[in-house]
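Accompanying notes for the structure given below.
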Amino acid sequence: MFVNQFILVSKMVGYAWCAVALAITWVSDWAVITEMDTIFGYSPFDVKDSYALAWLLFPGAVVLLACYFLEKRFGIGLTKRSAQKQYVTKLSRLLAMRYGKSRQYTQGQIKRTIKEYRCNSSYIIYAYAAFLNQEEFQALNQNADASYHELRDELANNFFDGNATFDGASLADLGLCDGAGDGASGGGDGSVGGGGDGGGDG
């Protein structure tokens, strides 16, 4: 969780830096137009000086690009909602590709897939709720803050218009479709229920 918070703070700093840099260029340009000699003792530069603007924006832009790369490539710093979407789309597709389409998967299969494909693991309890059956989930997460049904209901409300009948097989169908990420985030069409045949531990 510390890494997620660090990425979030870094993004805020990056956005703030870029905003201040743009504000400085605007004030400087105004000072040039109004022929002011100095601003707080500093000589204004013309905003048309693209090199000066680029150097001002550079640090903030680097921070934002680094955060974007970490989120997209390694799943670091993703928000809970983004991590949930990753489980519903990317993880479901990967599990089906590795172990065959199945209504449920094992804890080992889920953990290995998340680790090997560098998915976000900060909210893995939602992946367990999505792909384990209730008995296995409760055996592994006896001290969980939220129950199996509460976590599944949250996923259903976020991605499937409240339809909590989804399982590993129906999620895999969504993940394997073209544009599945956009379709899932926009709400389900009532077809998330159902399932395939049971899968092994591979």
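Take ALA129 and decide whether it is surrounded by 15 or more Cβ atoms within 10 Å (Cβ to Cβ) and over 15 Å from LEU174 (Cβ atoms). Against the criterion (surrounded by 15 or more Cβ atoms within 10 Å (Cβ to Cβ) and over 15 Å from LEU174 (Cβ atoms)), ALA129 qualifies. Could you look through the stretch 144-168, keep only residues that are in a loop (DSSP other than H, G, I, E, B) and touching a residue at least 24 places away in the same chain (Cβ under 8 Å), and pick out the one that is nearest to TYR99 (Cα to Cα)? Residue satisfying both the conditions and the ranking: ASP167. If the condition is being open to solvent by less than 50 Å² (accessible area, probe 1.4 Å) and part of a loop (DSSP other than H, G, I, E, B), then the stretch 111-121 contributes CYS119, ASN120.
Count of the stretch 87-96 residues, restricted to those that are surrounded by 23 or more Cβ atoms within 10 Å (Cβ to Cβ) and not hydroxyl-bearing (Ser, Thr, Tyr), is 3. Within the stretch 158-186, the residues that satisfy the criterion of being surrounded by 15 or more Cβ atoms within 10 Å (Cβ to Cβ), out of contact with any Leu (no Cβ under 7 Å at 6 or more places or on another chain) and modelled with pLDDT under 85 are ASP173, LEU174, GLY175, GLY181, SER185. Applying the criterion of being over 21 Å from GLU154 (Cβ atoms) and in contact with a helix residue (DSSP H, G or I) (Cβ under 8 Å, 6 or more places away or on another chain) to the residues of the stretch 112-141, the residue that is modelled with the lowest pLDDT is ARG118. Close contacts from the stretch 98-119, counting a first residue that is without any contact (Cβ under 8 Å) to a residue 24 or more places away in the chain and a second that is in a loop (DSSP other than H, G, I, E, B) and small (Gly, Ala, Ser), with Cβ to Cβ under 9 Å and a gap of 6+ residues or different chains, come to LYS111/SER121; ILE114/GLY75; ILE114/SER121; LYS115/SER121. For the stretch 122-139, a residue qualifies if it is free of Cβ contacts under 8 Å to residues at least 24 places away in the same chain and either under 14 Å from the mean Cα position of the chain (by Cα) or not in a helix (DSSP H, G or I) (or both), and exactly one does: ILE124. State the number of residues belonging to the stretch 141-150 that are surrounded by 14 or more Cβ atoms within 10 Å (Cβ to Cβ) and either closer than 16 Å to GLN107 by Cα or more than 25 Å from the chain's Cα centre (by Cα) (or both). Residues that pass the stated criteria total 3.
Restricting attention to the stretch 97-110, the residues being farther than 19 Å from ILE125 by Cα and either part of a helix (DSSP H, G or I) or open to solvent by 70 Å² or more (accessible area, probe 1.4 Å) (or both) number 4. For the stretch 72-86, which residues satisfy the criterion of being at pLDDT below 85, within 9 Å of ASN120 (Cβ to Cβ) and either aliphatic (A, V, I, L, M) or surrounded by fewer than 19 Cβ atoms within 10 Å (Cβ to Cβ) (or both)? Listed by number, the residues that qualify are PHE74, ILE76, LEU78, SER82.
The values are calculated or read from the model by the stated rules, or taken from the named source; none is laboratory data. What you see is a predicted model, and the numbers here were worked out from it, not measured in a lab. Here Cβ is always computed from backbone atoms with ideal geometry, including for glycine, and neighbour counts include all displayed protein chains. With ligands, DNA and RNA removed, areas are computed over all heavy atoms of the protein, side chains included. Shrake-Rupley method; radii C 1.70, N 1.55, O 1.52, S 1.80 Å.
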